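Colleague: There's a structure below that I have some questions on.
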Amino acid sequence: MGAFVYILRCADDSFYIGTTRGTLDRRLAQHENGTFGGYTLSRRPVTLAYSEYFERIEDAIPSERRLKGWSRAKKQALIDGELDQLQALSQ
C-alpha cells in the first residue's frame with residue numbers, strides 16, 4: 001500500500017504537513033472532525049492544499065520531513081504549482 005504526503009491550509013492560514021498510509025479522504029475527515037487531534041484540532045476548518053502519492057511509505061516520510069523544513073514562500077509556490085520558483089526560494 002502506498003502513502004500520501006499532504007499539506008493542509010488551516011483556518012488561521014498556517015500550513016500543516018503530514019503523511020498517511022490510508023486514503024487521503026479518510027485522513028482529511030479525521031483532521032476536520034477533530035479525531036486526529038494535535039496541531040489542526042484548534043485550527044479547523046482545514047482544506048487540502050497539496051498532496052503527492054508515493055508507492056512506499058519509506059519514500060513519503062523523507063518527503064514530509066523535507067517539506068516541513070521549507071519556508072512558507074516555498075511551500076506556497078509548491079501549492080500554486082510554481083515549480084520553477086522552488087530553486088530560487090531555496091537560496
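Colleague: Being open to solvent by less than 50 Å² (accessible area, probe 1.4 Å), closer than 19 Å to T20 by Cα and without any contact (Cβ under 8 Å) to a residue 60 or more places away in the chain is the filter here, so list the residues in the range 64-78 that pass it.
Modeller: Scanning the range 64-78 gives a single hit, E64.
Colleague: So R9 clears everything in (1) touching a strand residue (DSSP E or B) at 6+ places or on another chain (Cβ under 8 Å); (2) within 17 Å of D80 (Cα to Cα); (3) surrounded by fewer than 14 Cβ atoms within 10 Å (Cβ to Cβ) except one condition, right? Which one?
Modeller: All conditions are met except number (3).
Colleague: Assess whether I61 counts as being in contact (Cβ under 8 Å) with a residue 60 or more places away in the chain and either of a type outside the set (D, E, K, R) or open to solvent by 80 Å² or more (accessible area, probe 1.4 Å) (or both).
Modeller: On the way: in contact (Cβ under 8 Å) with a residue 60 or more places away in the chain: no; either of a type outside the set (D, E, K, R) or open to solvent by 80 Å² or more (accessible area, probe 1.4 Å) (or both): yes.
Here the answer is no, as I61 does not meet what is asked.
Colleague: So which pairs qualify, if the first residue must be in the range 79-91 and closer than 18 Å to V5 by Cα, the second must be part of a helix (DSSP H, G or I), the Cβ gap must be under 8 Å, and the two must be at least 6 apart or on different chains?
Modeller: As it stands, the answer is L83/A77; L86/K74; L86/A77; L86/L78, since those pairs meet every condition given.
Colleague: Can I ask one more? Can you find even one residue in the range 20-37 that is modelled with pLDDT of 95 or more and under 25 Å from S90 (Cβ atoms)?
Modeller: There is no residue in the range 20-37 that is modelled with pLDDT of 95 or more and under 25 Å from S90 (Cβ atoms).
Colleague: Restricting to the range 29-58, count the residues that are open to solvent by 40 Å² or more (accessible area, probe 1.4 Å) and of a type in the set (A, V, I, L, M). Write out each step before concluding.
Modeller: Filtering the range 29-58 down to residues open to solvent by 40 Å² or more (accessible area, probe 1.4 Å) leaves 29-30, 32-33, 35-36, 38-39, 41-45, 47-48, 50-53, 55-56, 58.
Subset that is of a type in the set (A, V, I, L, M): 29, 41, 48.
Here the count works out to 3.
The values are calculated or read from the model by the stated rules, or taken from the named source; none is laboratory data. Just so it is clear, the structure is predicted and the values come from calculations on it, not from any experiment. Positions of Cβ are backbone-derived with ideal geometry, glycine not excepted, and every protein chain shown enters the neighbour counts. With ligands, DNA and RNA removed, areas are computed over all heavy atoms of the protein, side chains included. Shrake-Rupley method; radii C 1.70, N 1.55, O 1.52, S 1.80 Å.
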